[in-house]
Amino acid sequence: MTWFTVALVATLAINFSLAVDIVLVSKDVTGPEPCAKICFGESQGTWKQNGHYLFIDSSLADCKFARQPLVSATLVNTGDFSQYSGYVGMEQPGKFRYEMYAPGVSAAKANADHYQINWNAAGYSC
């Protein structure tokens, strides 16, 4: 076997072993299956306040989605925040806002206590 054949076989073996099927089931988020991708991340430290609501804007730019993805986010922290409910609002394919009703909690406290959201997004890169 030549070095080229060995390299080709090794490359094919790696590609087959890393192959992952991603199927997005959505009537609003569509695209060609080879371009489907999932991106995960976290955001903290930039909470802002609007009345009894706290919000944080998060970038999806590193995910490189071609159009608006499906996004979900969860508040994580060391305290008991089960009383707060939040939601995700999409502003553009590369950005979303997580907002939650949190009466009595200031943005300064959320930032000082390192309130964090973990998020995931699924969409298409082409």
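Every number here is computed from the coordinates shown, using simple stated rules; none is lab data. Predicted model only: the values in this text are computed from it and were never measured. Here Cβ is always computed from backbone atoms with ideal geometry, including for glycine, and neighbour counts include all displayed protein chains.
Computed values, structure above
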| read-out | value |
| --- | --- |
| Candidate lysines for bridging to Lys109, where Cα separation is under 18 Å - those fewer than 8 sequence places away on the same chain excluded | Lys48 |
| Estimated inter-spin distance, Leu70 and Asn118, nm [label 7 Å along Cα→Cβ] | 1.9 |
| Global size of segment 20-126 as Cα Rg and Dmax, reported in angstrom | 15.0, 47 |
| Environment charge of Tyr98, counting only residues whose C-beta is closer than 13 Å and scoring Lys/Arg +1, Asp/Glu -1 | -1 |
| Per-pair calculated FRET efficiency, R0 = 22 Å: Leu24 and Gln92 via Cβ, rounded to 0.05 | 0.70 |
| Karplus-derived 3J(HN,Hα), 6.51/-1.76/1.60, for each residue of segment 44-49, Hz, glycine and proline x | 7, x, 10, 5, 10, 10 |
| Calculated from backbone phi, Karplus (6.51, -1.76, 1.60) coupling profile of segment 69-75 in Hz, x at Gly/Pro | x, 7, 10, 9, 8, 9, 6 |
| Packing-based order for 85-95, 115-125, using average beta carbon neighbours within 10 Å, highest first | 115-125, 85-95 |
| For Arg67, distant residues with modelled amide H under 5 Å away | Tyr124 |
| Hz values of 3J(HN,Hα) by residue in segment 109-126 - Karplus curve (6.51, -1.76, 1.60), Gly and Pro given as x | 5, 4, 6, 5, 8, 6, 4, 9, 10, 9, 9, 9, 9, 10, x, 10, 9, 8 |
| Cross-link partners of Lys37 among lysines (Cα-Cα below 29 Å; sequence separation of 8 or more within a chain) | Lys27, Lys64, Lys95 |
| Built amide H within the under 5 Å cut-off of Tyr53, gap 5+ | Ala102 |
